[in-house]
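Notes follow once the structure below has been shown.
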Amino acid sequence: MNSKVKERGLFALGVAICFAVAGVSVLIEKLIPGGILGASIIALFMGTIINSFFHPAWMKPALKFTSKKILKVAIILLGASLSVNTIMSVGKMTFFVMIFTFAMCFGGGFLVRKIFRINWKLGNLISAGTGICGGSAVAAIAPVIDADDKDIAFAMSSTFIFDMVMVALYPIMGKLLGMTDIAYGIWAGTSVNDTASVVASGYAFSEIAGDFATMVKLTRTIAIIPTVLVFAYVGTRMKKREMEQEGGGKRVNLIKIIPWFIGGFLLLAILNSVGFIPAWASGIIKGASKFLMVSALAAIGLNTSIADFRKAGLRPMLYGITIDTLVTLTALGVIWCMGLM
């Protein structure tokens, strides 16, 4: 009995450590001027640093629970902050740019992944982070394809590095190209990854560009819904095939192995889209989702060592930077072809 009580106590302590790292990360995010560094990436790197000198075996169950189960709860709650109605406020021209950038992320990413010899899970996590909304997209898609914690950490890191560089370079390049506020807002909103980075780079150009870039980014975030569904289907089909091979060709019921949390995610997104969830409640749920997601990423960091990054080498980073650069050029080219510059 005493051993079970001790195990539960250590488990609770492990989860509490993840929450504490998340809380400190949120505080640091608020202290950084301009909000250019999100709590998610802070928690990931803070956890990785802590893991370098503190990684007791008793924390493993808590880290697994937080990085897997709590992450799925965060994804369900994320649905309450997504509204299809937002799409109508931006206009068709934004979607035209998004179609090409998504095609470059996943179509071009498929080809580039072969060149860099990146596994399909890591490659698609980086593509999703680049094409949709940085860390949130990486975190949302990771569980539906059973991605490893290390792949999640590598994907988050590659999008973060690009964002840090682009926050400084985008306003300069926009002014050199003589872009209008609207053109720049579309460009930043469709090609910069994380929301905080979009806001920072947008308002660094002008207030109008910042407002429009933020609105474009919110619309782009809606793409999480179909993307998660597509990857859930792909991941489920692959799991079904593996189970049938292990079972000697015995057929497996596809419905039974569909990720359970996808239903909750879609339900909240639909309820929010039809106005069933009040704005104040949606804000609270979104805040809870963000904190739980930051906690999950803290757990992933606490389970990832700097040695893991060294072992992976530069290929994941170079792949991410290549995809980000191609998306940046694609968005710029489409905007120019549309005559918006």
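The values are calculated or read from the model by the stated rules, or taken from the named source; none is laboratory data. Since the model is a prediction, treat every value here as computed from it, not as a measurement. All Cβ positions, glycine included, derive from the backbone under ideal geometry; neighbour counts span all protein chains shown.
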- Going through segment 152-195 in order, the residues found to be of a type in the set (Ser, Thr, Tyr) and either modelled with pLDDT under 85 or surrounded by fewer than 24 Cβ atoms within 10 Å (Cβ to Cβ) (or both) are 157, 158, 159, 180, 195
- Only residues in segment 157-171 that are under 13 Å from residue 38 (Cβ atoms) count as the first member; pair them with residues that are of a type outside the set (A, V, I, L, M, F, W, C) and crowded, with 24+ Cβ neighbours inside 10 Å, Cβ under 6 angstrom, at least 6 apart or cross-chain, and list the lot. 159/129; 159/134; 159/193; 163/193; 163/194; 163/197; 167/197; 167/201
- Item | Single residue of 80, 74, 39 found to be modelled with pLDDT of 80 or more and over 28 Å from residue 275 (Cβ atoms) | 39
- Item | Output for segment 37-70, where each listed residue is more than 17 Å from the chain's Cα centre (by Cα), of a type in the set (A, V, I, L, M) and surrounded by 24 or more Cβ atoms within 10 Å (Cβ to Cβ) | 63
